[in-house]
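Before any comments, here is the structure.
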Amino acid sequence: MFDCIIVGAGPAGATVAYHLAKRGRSVLVLEKANLPRYKPCSGAVSPSVAQWFDFDFAPAINRKVNRVRYTWKLEDPIEAKLETSEPIWMVKRDVFDHFLVKQAQAQGAEVQDGVTVNGIEIKGDRWLVNTSSGTQEAKFLVGADGAKGKMAEWLGFKTPKLRQIGILEVKAPEAVAEHNAINFEFGLLKNGCLWNFPKSDGFSIGAGSF
Ligand SMILES: Cc1cc2nc3c(=O)[nH]c(=O)nc-3n(C[C@H](O)[C@H](O)[C@H](O)COP(=O)(O)OP(=O)(O)OC[C@H]3O[C@@H](n4cnc5c(N)ncnc54)[C@H](O)[C@@H]3O)c2cc1C
């Protein structure tokens with residue numbers, strides 16, 4: 001039996017696992033995907049997250065960007081240089097998320113990937129977690145299974161209203177060098193925006209209506 005079972009090995013789950021394991025708790029992380037797993041995400045991370053960790057994120061950062069550019073119908077560009085001491089981190093989620101998981105493992109957390117949680121039940125003072133590879137038990141349970149995960153519903157929380165976002169990741173290593181800003185375009189998409197975030201070898205282009 002574990003002190004805590006964490007469902008999901010994204011940044012939330014890996015962070016909980018890291019801090020609990022570091023404090024000597026026995027932790028099991030269950031992740032349905034095989035790690036490292038790709039996740040569609042533009043991957044702009046605020047460097048302020050560093051304050052909650054005591055290790056260097058450098059190996060997980062793909063690129064740093066300190067300019068933001070805004071347009072309306074692709075015109076009237078406004079470009080601002082960020083005055084923060086540390087630029088925005090651009091990350092690739094397979095690398096970034098797996099880096100966090102490895103930090104948790106280094107503290108003693110057990111991670112089982114390729115294992116789907118199919119249901120949970122409480123029995124006395126413990127949680128029984130039913131997975132695709134058997135049942136696991138823990139005193140505490142953490143739902144870190146993302147926006148589309150089932151844990152919130154199983155635990156009786158209100159399920160969030162989901163919105164659609166389209167994302168396209170383009171490899172264009174020759175073109176990125178001259179693009180050193182995060183771009184937001186507000187006029188082309190009604191009630192939403194488009195964005196284009198540069199990575200070291202291409203672009204992450206998104207469209208979201210809110
Ligand atoms: C298109 C897009 C662009 C985005 N861009 C940015 C951005 O630029 N910057 C930013 O900060 N945020 C961005 N986000 C938001 C960001 O992706 C989320 O906030 C973040 O991933 C949440 O992390 P998490 O650990 O809570 O969940 P997730 O990263 O979603 O991880 C949940 C994990 O749980 C696993 N899981 C789910 N169900 C089960 C189950 N039953 N059993 C076992 N495992 C399970 C999943 O496989 C997954 O690995 C973006 C999101 C989208 C969709």
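Things to note:
- Only listed residue being touching a strand residue (DSSP E or B) at 6+ places or on another chain (Cβ under 9 Å) and within 30 Å of Ile120 (Cβ to Cβ), chosen from Ile205, Ile182, Ile165: Ile165
- Residue check, Asp76 part of a loop (DSSP other than H, G, I, E, B), farther than 28 Å from Lys150 by Cα and at pLDDT 95 or above: no
- All positions within region 117-141 that are within 23 Å of the chain's Cα centre (by Cα), closer than 20 Å to Ala17 by Cβ and open to solvent by 40 Å² or more (accessible area, probe 1.4 Å): Phe140
- Subset of region 122-167 [away from the ligand (no atom under 11 Å from the Cβ) and of a type in the set (A, V, I, L, M)]: Ile122, Leu128, Ala138, Leu141, Leu155
- Scanning region 168-178 for residues that are surrounded by 13 or more Cβ atoms within 10 Å (Cβ to Cβ) and either within 16 Å of the ligand (Cβ to nearest atom) or part of a strand (DSSP E or B) (or both) yields a count of 2.
- Within region 150-159, one or more residues are part of a loop (DSSP other than H, G, I, E, B), on the phi > 0 side of the Ramachandran plot and not assigned by TED's automatic domain parsing to the domain that holds Lys81.
The values are calculated or read from the model by the stated rules, or taken from the named source; none is laboratory data. A quick note: this is a predicted structure, and the numbers were derived from the prediction, not measured. We place every Cβ from the backbone using ideal geometry, glycine too, and count neighbours over all the protein chains shown. With ligands, DNA and RNA removed, areas are computed over all heavy atoms of the protein, side chains included. Shrake-Rupley method; radii C 1.70, N 1.55, O 1.52, S 1.80 Å.
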